[in-house]
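Encoded as structure tokens, here's the structure I'll be asking about.
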Amino acid sequence: MEKAMQQSHGIGYAEYNRRLENRMKVEKQRELDYQKSLEIVNNHSHKLGV
């Protein structure tokens, strides 16, 4: 999990836990990534007529 967090967000799990500011930054990025993925799925679903 440490490696995935480091690769995805440029911060290790220990540093993520150490400071609220770091957690908020990571969680904001996760939310943006999630919204982008929903948009992609919705666009493709619409194009496929699903």
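The values are calculated or read from the model by the stated rules, or taken from the named source; none is laboratory data. Here the structure is a predicted model, which is why all the values come from computation and not from measurement. FYI the Cβ positions are ideal-geometry reconstructions off the backbone, even for glycines, and counts take in every protein chain you see. When the accessible area is computed, the model is the full protein with side chains, heavy atoms only, and any ligands, DNA or RNA have been set aside. Shrake-Rupley method; radii C 1.70, N 1.55, O 1.52, S 1.80 Å.
State yes or no: is Asn22 open to solvent by 70 Å² or more (accessible area, probe 1.4 Å), of a type in the set (S, T, N, Q) and assigned to a helix (DSSP H, G or I)?
On the way: open to solvent by 70 Å² or more (accessible area, probe 1.4 Å): no; of a type in the set (S, T, N, Q): yes; assigned to a helix (DSSP H, G or I): yes.
Spelling it out, it is not the case that Asn22 is open to solvent by 70 Å² or more (accessible area, probe 1.4 Å), of a type in the set (S, T, N, Q) and assigned to a helix (DSSP H, G or I).
Please determine whether any residue of region 8-15 is out of contact with any helix residue (DSSP H, G or I) (no Cβ under 8 Å at 6 or more places or on another chain), open to solvent by 100 Å² or more (accessible area, probe 1.4 Å) and in a helix (DSSP H, G or I).
No; the residues of region 8-15 include none that is out of contact with any helix residue (DSSP H, G or I) (no Cβ under 8 Å at 6 or more places or on another chain), open to solvent by 100 Å² or more (accessible area, probe 1.4 Å) and in a helix (DSSP H, G or I).
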